[in-house]
Amino acid sequence: MCNKFSKSPFGARAYEQRQDEAFKARVRRSSSVKERVEEKSKQYTADRCTQLKVLLWRHFIMMRRRLRLVQMQFLHVMVISVLLGAAYFRVVHDQLRSHDIIALLFIIIVFLSGDTLWAAITQMRYELPLVIEERRRGLYGIEIYLISKFFAEIPGSVVYPIISSAIVYWMAGLTPGGLQFVVFMGIIVLVANAGASCGLFVSLLSKSETLTFTIATIVVLPLLILGGFLLNTRTTPIFIAWLDYLSWYKYAFEALIVNQWSETNIIEACNRTAGLPCTNEEIFYQYNVNKDNIGKDFAALIGLCIGFQLLSFIVLRIKTKRK
C-alpha cells in the first residue's frame with residue numbers, strides 16, 4: 001500500500017512538497033547562523049588584525065613612556081646574572097662542588113621565574129582598569145589583548161632570560177657543548193614564561209593589590225618548596241604531593257640537572273668516604289630525577305604556560321563581560 005501511494009501522482013506531489021519544505025527550513029537555519037556570525041563579528045569596532053596592530057602599537061608607546069623602568073629592569077637582570085656568575089665562577093666539576101652547581105641551577109630558576117611573575121602582577125594591576133573600560137566599549141577581544149601582550153613582553157620573557165642564561169652559563173663554566181647550551185636557554189625561557197603566565201592569572205583573582213600579592217605568595221611558596229631542591233620529592237607528604245604537578249620549578253630543575261650531568265659519568269676527585277655522590281646516576285637518585293623525563297619536562301612547562309594563559313583568558317573574560 002505504501003509503495004503504491006508513493007508511486008501515485010498524489011504521493012509524488014506530497015513527497016516533493018515535503019522535500020521543498022525541508023529545503024526551505026535548511027535555508028532558514030543557515031541564514032540564521034550566518035546572521036549570528038555576522039552579528040558576532042560586528043560586536044567590535046574593528047577587525048581582529050586592526051585590533052592586534054593597534055594594541056601592539058599602544059604597548060610600544062607605553063614601553064617608550066616607561067623607558068627608564070625598562071632600562072632598570074634590564075640592569076637588574078644583568079647585575080644579578082653577573083653576581084651569580086661571579087659567585088660560581090668556573091666552578092670545578094668535582095665531588096665537593098657538585099652540590100654548588102645544582103644550587104646554581106635552582107637559583108637561576110627561582111630568580112628568572114620570580115622576576116617575570118612579580119613584573120606580570122604589577123603590570124596587570126596597572127592595565128586592568130583600562131582593559132575593563134575598553135572591553136565594555138567593544139574595542140577589542142580578550143584573546144587579541146592577550147596575544148598582543150605576549151608579543152609586547154617578549155623582551156622581558158624571552159630576550160632577558162636568554163641574555164641572563166648566557167652570562168651565567170659562560171661565567172660558571174657549565175657543561176660545554178652547543179646542544180646543552182641551547183637546551184639550557186630553552187628551559188630558562190619556558191620557566192620565565194611560566195612565571196609570567198602564573199603572575200598574570202594571579203593578578204586577576206582579586207581587586208585588592210595587597211590581597212593579590214598575598215595570593216601570589218600562597219600559590220608560589222608551595223610550588224617552590226616542591227621544586228626538588230629544598231625538599232626531596234621522594235619524601236613529600238602525600239596530602240600535598242599532588243601540587244608538584246603544578247610546579248614549574250620541579251620540571252625545570254629536573255631538566256637542568258639531566259642536561260648538566262647526563263654526559264658526565266664519573267665526577268672528578270671522587271672520595272667514597274665523603275658520603276657525596278660520585279656518578280651522575282647517584283646525583284639523579286639523590287634528587288629523585290629521571291633522566292628519561294626531559295622531554296616530558298619540556299612538555300609540562302609548555303602546558304603550564306598555556307594552561308595559565310587559558311585561565312587568565314577565562315577570568316579576564318568574566319571580569320570584563322559586556323552587558
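The values are calculated or read from the model by the stated rules, or taken from the named source; none is laboratory data. None of the values given here were measured: they were computed from a predicted structure. A quick note on method: Cβ atoms are made from the backbone with ideal geometry, for glycine too, and the neighbour counts reach across all protein chains shown. Remember, those area values only see protein heavy atoms, side chains included, never the ligands or the DNA or RNA. Shrake-Rupley method; radii C 1.70, N 1.55, O 1.52, S 1.80 Å.
A few points about this structure:
Conditions (1) closer than 17 Å to residue 174 by Cβ; (2) modelled with pLDDT of 90 or more; (3) open to solvent by 80 Å² or more (accessible area, probe 1.4 Å), marked per residue:
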site: 270; (1), (2), (3): no, no, no
site: 274; (1), (2), (3): no, no, no
site: 280; (1), (2), (3): yes, no, no
site: 285; (1), (2), (3): no, no, yes
site: 293; (1), (2), (3): no, yes, no
site: 312; (1), (2), (3): no, yes, no
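- One residue from 184, 239, 201 being under 21 Å from residue 261 (Cβ atoms) and either out of contact with any helix residue (DSSP H, G or I) (no Cβ under 6 Å at 6 or more places or on another chain) or assigned to a helix (DSSP H, G or I) (or both): 184
- Which listed residue is touching a Ser or Thr at 6+ places or on another chain (Cβ under 8 Å) and aliphatic (A, V, I, L, M), from 121, 147, 109: 121
- For segment 204-224, a residue qualifies if it is over 17 Å from the mean Cα position of the chain (by Cα), within 21 Å of residue 303 (Cβ to Cβ) and in a helix (DSSP H, G or I), and exactly one does: 222.
- Taken over segment 168-183, the criterion of being out of contact with any Ser or Thr (no Cβ under 6 Å at 6 or more places or on another chain) and open to solvent by less than 50 Å² (accessible area, probe 1.4 Å) is satisfied by 169, 171, 172, 173, 174, 175, 177, 180, 183.
- Count of segment 173-203 residues which are farther than 15 Å from residue 304 by Cβ, under 16 Å from the mean Cα position of the chain (by Cα) and of a type outside the set (Ser, Thr, Tyr): 1
- Taking each residue of segment 133-147 that is closer than 10 Å to residue 320 by Cβ and assigned to a helix (DSSP H, G or I) and looking for partners that are of a type outside the set (A, V, I, L, M, F, W, C) and at pLDDT below 85 with beta-carbon atoms closer than 6 Å, six or more apart or interchain, yields 135/320; 136/322.
- Of the residues in segment 152-159, at least one is part of a helix (DSSP H, G or I) and more than 28 Å from residue 314 (Cβ to Cβ).
- When 98, 81 are checked against the criterion of being touching a helix residue (DSSP H, G or I) at 6+ places or on another chain (Cβ under 7 Å), open to solvent by less than 30 Å² (accessible area, probe 1.4 Å), within 23 Å of residue 280 (Cβ to Cβ) and at pLDDT 80 or above, a single residue qualifies: 98.
- Summed over segment 63-91, the residues that are without any contact (Cβ under 8 Å) to a residue 40 or more places away in the chain and either in a helix (DSSP H, G or I) or small (Gly, Ala, Ser) (or both) give a count of 12.
- Complete set of residues in segment 223-245 that are within 19 Å of residue 294 (Cβ to Cβ), open to solvent by 20 Å² or more (accessible area, probe 1.4 Å) and at pLDDT 90 or above: 229, 245
- Meets criteria (closer than 22 Å to residue 186 by Cβ, touching a Phe, Trp or Tyr at 6+ places or on another chain (Cβ under 9 Å) and either of a type outside the set (Ser, Thr, Tyr) or not in a helix (DSSP H, G or I) (or both)) for residue 284: yes
- Condition met for residue 165 (modelled with pLDDT under 95, open to solvent by less than 20 Å² (accessible area, probe 1.4 Å) and in a helix (DSSP H, G or I)): yes
- Flag for residue 141 being surrounded by fewer than 20 Cβ atoms within 10 Å (Cβ to Cβ), within 23 Å of the chain's Cα centre (by Cα) and modelled with pLDDT of 90 or more: no
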